[in-house]
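To start, the structure itself, in structure tokens.
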Amino acid sequence: MMDEQLRQQQDLYDRGWRGGLDQGKEQRGNLQTNLDFLAQTRLLKAGDKILEIGCGIGTVVFELSRQGYDVTGTDISQVAIEYGRAKYGDIRLEVQPAEKLAFDDEAFDVVLSFDLFEHIASIDRHVAEVRRLLKPQGYYLFQTPNKCSNAVFETLSHRSLAWRRYHPSLHAPEQIRRRLARHGFQTRFVKMNPVNEYTKTKLQRFGLLGAVIKRVDFTKLPLALQTNLYVIARKKP
């Protein structure tokens, strides 16, 4: 059972997904870069049990399932999960909040999330839950916008601070490292170049600034200047 706070979150994201899907917007993140990140880590192994938290309609779950991985997806939005089940058919998608998951302790070798971390107000509750679910030496592989850059872009895009309602847990790199360390994780970052057709479309609204960003090789920039943080967090014994 969800508590009232989680129920309110579910209502919020159900409305968001319903509106987006009505407009034909199925994906909310940089799918190709996220898949490239997973491939680059070389940490997903045959036989691993994998969980993606905040899976949306389940596209990453679908792609990994096609590659033969044993993967389950969860999302707080009933609307997103029902849409994903109808679209993708025989994959495992469940309605569950990121802060309270109905799986046994140490049930998974790898936990994934993309564009989720920043949305969770009770972020320590979420990280503790991820640790509970991971087997010893298991990995939490995730992506989240970098607070150092994203706060500026969100404010320019919304022309206000309204985005803070949806992104209450933006983190800078060292904030992520410290928070995960408190929960018993060893953390490192992978620099990914996010510029592809998906991001080029988003950058058009920023005019000249967007045109400049399209030409940047983010893999050569300092971590603090990355638009998105790609994180490998290993559970310590």
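All of the numbers you see were taken from the coordinates with simple rules; none came from a lab. This structure is a prediction, so every number in the text was calculated from the model and none was measured. We place every Cβ from the backbone using ideal geometry, glycine too, and count neighbours over all the protein chains shown.
One table, with the values for the structure above:
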read-out	value
Rg(Cα)/(2.2 N^0.38 Å) for segment 1-78, N = residue count	1.26
Most mobile of A121, A86, A107 in a GNM of the chain (Cα contacts under 10 Å)	A86
Computed label-point distance, nm, for sites N193 and Q23 using a 7 Å Cα→Cβ extension	3.0
Positive minus negative residues near R182 (Lys, Arg vs Asp, Glu; Cβ under 12 Å)	+4
Three semi-axes of the equivalent ellipsoid, the chain, Cα gyration tensor, whole Å, largest first	26, 22, 19
Amide H partners (placed H, <5 Å) of G54, local residues excluded	T74, D75, I76
DSSP-defined beta bridges in the chain - what % are antiparallel, rounded to 5	40
Longest DSSP-loop-exposure-free segment, trypsin sites (Lys or Arg not before Pro), the chain, at most 11 other Cβ within 10 Å	46-158
